[in-house]
Every structure is written in structure tokens, then in C-alpha cells.
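A.B. asks: Let me begin by handing over the structure; questions about it come next.
Every number here is computed from the coordinates shown, using simple stated rules; none is lab data. This structure is a prediction, so every number in the text was calculated from the model and none was measured. Neighbour counts are summed over all protein chains in view; Cβ atoms, including those assigned to glycine, are modelled from backbone coordinates with ideal geometry.
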Amino acid sequence: MRKLICVAALLIASAGLAHADAVADRQALMKGIGKSVGVIAPMIKGEKPFDAAAASGALTKLNEFAQKIDVDALFPEGSDTGETTASPKIWEDMPGFKAKADKFEADAAAAAAADPKDLDSLRAQFKTVAANCSGCHQDFRVKKN
């Protein structure tokens with residue numbers, strides 16, 4: 001009986017760690033996406049001059065991060081607690097959330113493949129990608145205070 005209780009306790013503890021790892025993994029992924037956006041956004045806003053190599057590199061990295069979004073692995077049931085801004089709406093509307101993630105992946109791939117050579121083409125490509133980000137954050141993220 002004692003062994004059974006120990007095994008059950010270990011399973012429960014490891015399930016909690018798995019959820020903690022999913023939260024940390026998705027936060028790291030989102031920080032990477034944010035870093036790429038941080039290279040592009042100042043160019044779009046006119047705060048920095050357009051740099052084709054930097055824009056292309058940032059779009060490539062953004063796409064790499066986007067392709068790593070595995071909703072099932074990063075947002076398992078029960079990973080909506082703790083240090084996370086993931087909204088409970090994710091788990092209430094998982095098909096809708098997955099659809100937004102799929103669209104983001106496709107649009108990030110298209111933006112990277114377009115390899116913008118001037119500010120206008122960067123704006124056009126990035127506008128679509130950024131709309132995905134803000135739409136998903138609006139619908140599926142708890143706002144920080």
C-alpha cells in the first residue's frame with residue numbers, strides 16, 4: 001500500500017511539472033516571437049531605418065518560432081494556472097485557438113518567404129502577421145495589470 005501511495009504521489013508531482021514545463025516553454029517561445037517583432041516594429045514605425053537584412057533575419061526567426069507552436073504540447077489541460085497570462089478561453093474554445101495558431105504559422109511562413117526588400121513590402125507582410133498576434137492576444141490572453 002505504501003508503494004502504491006508513493007507511485008501515485010510521483011505521478012501527480014510529475015504531471016504538475018509537465019504543466020510547469022509547458023508554461024515555461026510557451027513563455028520562452030512568445031519571448032522569442034516578441035524579440036523578432038522588436039526588430040521589425042521600429043522600422044515599421046519609422047523609429048529606425050529600414051534594414052533588409054535585419055528585417056529578413058527577424059522574419060525568418062519569427063517563422064521558426066511560429067512553426068514551433070504545438071498547441072497540444074504547449075497548452076495541455078491544466079496548464080492555465082500559475083505564472084501565466086493564458087486565458088481560460090483557450091481551453092473553452094480549443095478549436096478556435098488552434099485555428100488562430102495555424103493562421104499565424106501560415107502567415108509567418110508567407111512573410112518569411114516574401115523576403116521584403118523595401119519598407120512598403122515589409123509593412124504589407126508584417127501587417128498580416130501582427131494582426132494575428134493582436135487578435136490572439138485579444139481573444140486568448142489575460143491582460144497584465
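A.B. asks: Per-residue ellipticity at 222 nm for the chain, helices alone: DSSP H runs ≥ 4 residues times -39500 (n - 2.57), over residue total, nearest 500 deg cm²/dmol?
C.D. replies: The helix contribution divided over the chain gives -26000 deg cm²/dmol.
A.B. asks: Another question, if that's okay. For residue 141, which sequence-distant residues (separation of 5 or more, or a different chain) have an amide H within less than 5 Å of its own amide H, given hydrogens modelled in the peptide plane?
C.D. replies: When sequence neighbours closer than 5 places are left aside, the close amide H contacts are 87.
A.B. asks: Given DSSP loops and a limit of at most 14 other Cβ atoms within 10 Å, what is the longest stretch of the chain that contains no such trypsin sites (Lys or Arg not before Pro)?
C.D. replies: Longest run free of exposed loop sites: 46-116.
A.B. asks: So what are the ³J(HN,Hα) numbers for the stretch 67-76, from phi and the Karplus equation (6.51, -1.76, 1.60; θ = phi - 60°), rounded to whole Hz, Gly and Pro as x?
C.D. replies: My calculation for the stretch 67-76 gives 6, 8, 6, 10, 4, 4, 7, 8, 10, x Hz in order.
A.B. asks: For the stretch 2-140, with the dipole built from +1 on Lys and Arg beta-carbon atoms and -1 on Asp and Glu ones, taken about the Cα centre, which of 110, 125, 79 lies farthest toward the positive end?
C.D. replies: Farthest towards the positive pole: 79.
A.B. asks: Let me ask you something else. Run the numbers on the stretch 2-140 and let me know its relative contact order in percent, using alpha-carbon pairs under 8 Å that are six or more apart. Write out the running numbers ahead of the final one.
C.D. replies: Values: 104 pairs, mean separation 38.3, N = 139.
Relative CO of the stretch 2-140 lands at 28 percent.
A.B. asks: Karplus couplings for the stretch 87-96 from phi (6.51 cos²θ - 1.76 cosθ + 1.60, θ = phi - 60°), rounded to Hz, Gly and Pro as x?
C.D. replies: 7, x, 4, 4, 7, 6, 9, 4, x, x
A.B. asks: Hey, what do the phi angles of the stretch 29-38 turn into as Karplus ³J(HN,Hα) couplings, whole Hz, using 6.51/-1.76/1.60 and θ = phi - 60°, x for Gly and Pro?
C.D. replies: 4, 5, 5, x, 4, x, 5, 5, 4, x
A.B. asks: Scan the stretch 54-145 for GluC sites (Glu not before Pro) in coil per DSSP, keeping those whose Cβ has at most 16 other Cβ atoms within 10 Å, and list them by number.
C.D. replies: 77, 83
A.B. asks: Rounded to the nearest 20 debye, what is the charge dipole size of the chain about its Cα centre when +1 sits on each Lys and Arg Cβ and -1 on each Asp and Glu Cβ?
C.D. replies: On the way: 19 positive and 19 negative charges, 73 e Å.
With Lys and Arg at +1 and Asp and Glu at -1, about 360 debye.
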